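Bear in mind that the values in this text are calculations on the coordinates, not laboratory data. Keep in mind it's a predicted model, so treat the numbers as computed, not measured. We place every Cβ from the backbone using ideal geometry, glycine too, and count neighbours over all the protein chains shown.
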């Protein structure tokens, strides 16, 4: 596995993790109508902050990767984030995902794998 492919996969894992953390953080935020802006600002959930930080780190790594490869190669890999979020939200968060979504997710994996053939060589 070459370095560019590894960097892209790390970006995808970081983005997927960020999505999960943002969801966990968002689920623990009280309704805006129930808290004052000051108390809300002092009670921001740790998963929400962690998700934002992971997004920042993945963005930096993605920009570094873009300096070393074509956008037409790098960007399709971000589609794996969608696919992994669907799978992890179903298996880790217990969300209901219908059959067509799983089929679409599989097709994303196939498409990214075809793009990955060029990156891996």
**Request:** Could you state the angle between the C-alpha long axis of helix 79-91 and the longest principal axis of the C-alpha atoms of the chain, as a value from 0 to 90 degrees rounded to the nearest 10?
**Result:** 50
**Prompt:** So how do 104-111, 11-18 stack up, highest first, on mean other-Cβ count within 10 Å?
**Reply:** 11-18, 104-111
**Message:** Could you give the length gained by full extension between residue 67 and residue 49, i.e. 0.36 nm per residue of separation minus their alpha carbon distance, to one decimal place?
**Reply:** 3.7 nm
**Request:** Would you kindly state how much longer the chain becomes between residue 27 and residue 2 on full extension, computed as 0.36 nm times their sequence separation minus their alpha carbon distance, in nm to one decimal?
**Result:** 5.2 nm
**Request:** Let me know the Rg and Dmax you get for the chain when you use only its Cα atoms, in Å.
**Result:** 17.0, 55
**Asked** Using a Gaussian network for the chain with springs between C-alpha atoms less than 10 Å apart, which of these wobbles most: 42, 101, 65?
**Response** 42
**Request:** Pairs of Cα atoms under 8 Å, at least six residues apart: use those to get the relative contact order of segment 3-120, whole percent.
**Result:** 35
**Prompt:** In nm, what is the difference between 0.36 nm times the number of residues separating residue 113 and residue 92 and their Cα-Cα distance?
**Reply:** 5.1 nm
